[in-house]
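Read the figures in this text as sums done on the coordinates, not as results from a lab. Everything numeric here is computed off the predicted structure, so don't read it as measured data. Neighbour counts are summed over all protein chains in view; Cβ atoms, including those assigned to glycine, are modelled from backbone coordinates with ideal geometry.
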Amino acid sequence: MHLLAKGGRAVLPILYCATATESSVHVGTPVMAEPSTSTSGRQPSDATEDKHIAKLTEEQLGRNQELLERLRGKLILAPLTRGGNLPFRRLCADFGAEVTMSEMSFARHLLKGDPLERARLKRSANEACFGFQIATNNIGEGVGAGKMAIEAGASWLDLNCGCPIYEATKRGLGSALLRNPRKLARLVAGIAQGIDLPLTVKVRTGTSSSKINVQQVVSFLQDAGAAAVIVHGRTAEQRYKKPADWSLLTDVAQSHDVPVIGNGDILTYYEAQQRLNDSGCLTHMVGRGALIKPWIFQEVKEGRELNLDASERLGIYRRLVSHMKEHFGDDAKGRRKAFYFLPWHFDFFCRYRYLPEDVFRSSSQERPLIGQRMDIAAADLGEELDSLPLLERTLRCQSPDAHAEIAATLWDSSSDEEARAALEQLADQKLSEWENNDSDREEQVAEG
């Protein structure tokens, strides 16, 4: 989400892939560091390299191909810790998301029966193609998790190799697996051969700018039996501080036979179209863009930006509340569970701005729109803060206090009209206070 800095400017936060609590409890095997490698050029298949070539059956290869055809050209909802809860994924599917992914699950705890990890196996009835993502560095754990994913109805299994936080990497999980491509290849080959489900691998471009080894990693994964490789166009060290490197993503996609799925900095349909047309990727993936506007999937399908006013967006947010009540329960216990997620979502919803192509395409080619600073009132559209409708101004408010009260109001309202009236009354009393207390904090989000 954008966070207001002084002067009403919005600032892009630093985002992370998992919470420290989740990562710190998973014990893994240490991973040795790998020397840095070149970032460009086709990687040769050198028989002298100790590559681990998976021996997949014809049936497994057929399933891989079927998955690729289902994914081709479809905008995929990324695995998002906290953000990727079932009600939110259901909302995205309501607006045309045909391919969704679970929150990252720690395979070891999943196999031990942890109820939180098991809950991540569940999918909504409208999630037609559902990928289940795991974190592990153990073949047996990966195979066991894959079998549970099959039983839960998942379409494929994904291995997280992108999580950058120390609590994960010190245990050999997430992006730490990128340090040793050969070791990663052994892991992937073992899991791919052991499950009756396609396996994809989600990676970053390297661990740091001096250790960008995505070309070598993808070369190893290609031989190890990965059905596709999802490449987030940043290093683990960069997290979200710099724009995704789509030039490198393009080089990777065009340098290997294994299909590549591109990930990073998609907020509008025209950015999505350009990335897909120019990169040679099988398809692309969206994370933060979907958190800001869950209807981005409809926009990409229809090739247009939806200009949704505050009342229309309020109705969408109330639909998310309805999904949460159905999933968690419409009682005090359900509310407590839902409110771990609901106010947090408004940290992203408040960043929505209408971004018509004729106004913003040129700017998007200079720097991704998701990384640009935006005022509460969009000067490029002729907006002025004092002339914004009260509800619009309220929904754009960056204050965590505002988000908590907006969430509570929507939960307690029985209709869109009641919610609107209650929010406008609340804004009359508190909007000035909220805007004066807008936070400069940098929130954590998870994109595994």
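Just order 267-275, 116-124 by mean Cβ neighbour count inside 10 Å, highest at the front, would you?
Listed from highest to lowest mean packing, they are 267-275, 116-124.
Gap in Å between the Cα centre of the stretch 217-291 and the Cα centre of the stretch 51-68?
Using only Cα atoms, the two centres lie 21 Å from each other.
Between the alpha-carbon centers of the stretch 159-198 and the stretch 101-133, tell me the distance in whole angstrom.
Comparing the Cα centres of the stretch 159-198 and the stretch 101-133, I get a distance of 18 Å.
Taking 51 Å as R0, compute the FRET efficiency from the Cβ-Cβ separation of ASP331 and GLU58 and round it to 0.05.
On the way: r = 51 Å, r/R0 = 1.00.
Result of the calculation: an efficiency of 0.50.
State the label only: which of (i) 43.3; (ii) 21.7; (iii) 20.2 corresponds to mean projected area of the Cα convex hull in nm² computed from the shown model?
(iii)
Quick one: net charge of ILE195's neighbours, Cβ under 13 Å, K/R +1, D/E -1?
With Lys, Arg at +1 and Asp, Glu at -1, the neighbours total -3.
Quick check: pseudo-label points 7 Å beyond the Cα along Cα→Cβ at ASN277 and GLU69, how many nm apart are they?
2.7
Which of the lysines could a cross-linker bridge to LYS147, judged by Cα under 29 Å and excluding same-chain residues fewer than eight apart?
LYS51, LYS55, LYS74, LYS112, LYS122, LYS170, LYS183, LYS202, LYS337
How big is the dipole moment of the chain about its Cα centre under a simple scheme where the beta carbon of each Lys and Arg is +1, that of each Asp and Glu is -1, and everything else is neutral? Debye, nearest 20, please. It would help to have the intermediate numbers written out before the result.
Working: 55 positive and 61 negative charges, 313 e Å.
The dipole magnitude comes to about 1500 debye.
If you average 1/r across every pair of different Cα atoms in the stretch 311-436 and take the reciprocal, what Kirkwood value do you get, in Å?
Final number for the Kirkwood radius of the stretch 311-436 is 15.7 Å.
Relative contact order of the stretch 347-399: what whole-number percent is it, with Cα pairs under 8 angstrom and at least 6 residues apart?
Answer for the stretch 347-399 is 50 percent.
Could you please report the charge total around TYR269, scoring K, R as +1 and D, E as -1 over all other residues with beta-carbon less than 9 angstrom from its beta-carbon?
Computed value for this residue: -3.
Using θ = phi - 60° and the Karplus form 6.51 cos²θ - 1.76 cosθ + 1.60, what ³J(HN,Hα) does each residue of the stretch 59-67 get, whole Hz, x for Gly and Pro?
5, 5, 4, x, 5, 4, 5, 4, 4
In nm, what is the difference between 0.36 nm times the number of residues separating ASN436 and ASP257 and their Cα-Cα distance?
Net length gain for the segment: 59.1 nm.
So what is the calculated 222 nm ellipticity per residue for the chain, using -39500 (n - 2.57) for each DSSP H run with n of 4 or more, over all residues, to the nearest 500 deg cm²/dmol?
Here the helix-only value at 222 nm equals -12500 deg cm²/dmol.
Highest mean first, how do 180-190, 364-374 rank when packing is the count of other Cβ atoms within 10 Å averaged over residues?
The most tightly packed comes first, giving 180-190, 364-374.
Taking the Cα centre of the stretch 311-436 as origin, sum charge times position over the Cβ atoms of Lys and Arg (+1) and Asp and Glu (-1), and report the length of that vector in debye to the nearest 20.
Dipole size: approximately 660 debye.
Cα axis of helix 246-255 to longest principal axis of the chain: angle in degrees, 0 to 90, nearest 10?
So the inclination is approximately 30 degrees.
Using Cα centres only, tell me the gap between the stretch 353-410 and the stretch 316-346 in whole Å.
24
Measure nothing but the geometry: give the 0 to 90° angle between the long axis through the Cα atoms of 416-436 and the longest principal axis through the Cα atoms of the chain, rounded to 10°.
90
Among ILE53, LEU423, SER399, which residue has its Cα positioned farthest towards the positive end of the charge dipole of the chain, with +1 placed on the Cβ of Lys and Arg, -1 on the Cβ of Asp and Glu, and the dipole taken about the Cα centre?
Final value for the positive-end residue is ILE53.
Could you give the angle, 0 to 90 degrees to the nearest 10, between helix 181-194's Cα long axis and the longest principal axis of the Cα atoms of the chain?
90
Name the long-range amide H neighbours of ASP158: under 5 Å, sequence gap of 5 or more, or other chain; modelled H, no Pro or chain starts.
When sequence neighbours closer than 5 places are left aside, the close amide H contacts are PHE132, GLN133, ILE134, THR200.
All other residues with a Cβ under 14 Å from the Cβ of ASP331 taken together, and with Lys, Arg as +1 and Asp, Glu as -1, what is their net charge? Could the numbers behind the result be given before it?
Working: positive: LYS325, LYS333, ARG335, ARG336, LYS337; negative: GLU326, ASP330, ASP412.
For residues surrounding ASP331, the net value is +2.
In whole percent, what relative contact order does the chain give with Cα contacts below 8 Å and a gap of six or more residues?
Relative contact order, the chain: 22 percent.
Order of 336-346, 159-169 by packing, highest average Cβ count within 10 Å first?
Numbers: 336-346: 18.9, 159-169: 23.9.
So the peptides 336-346, 159-169, ranked by packing, come out 159-169, 336-346.
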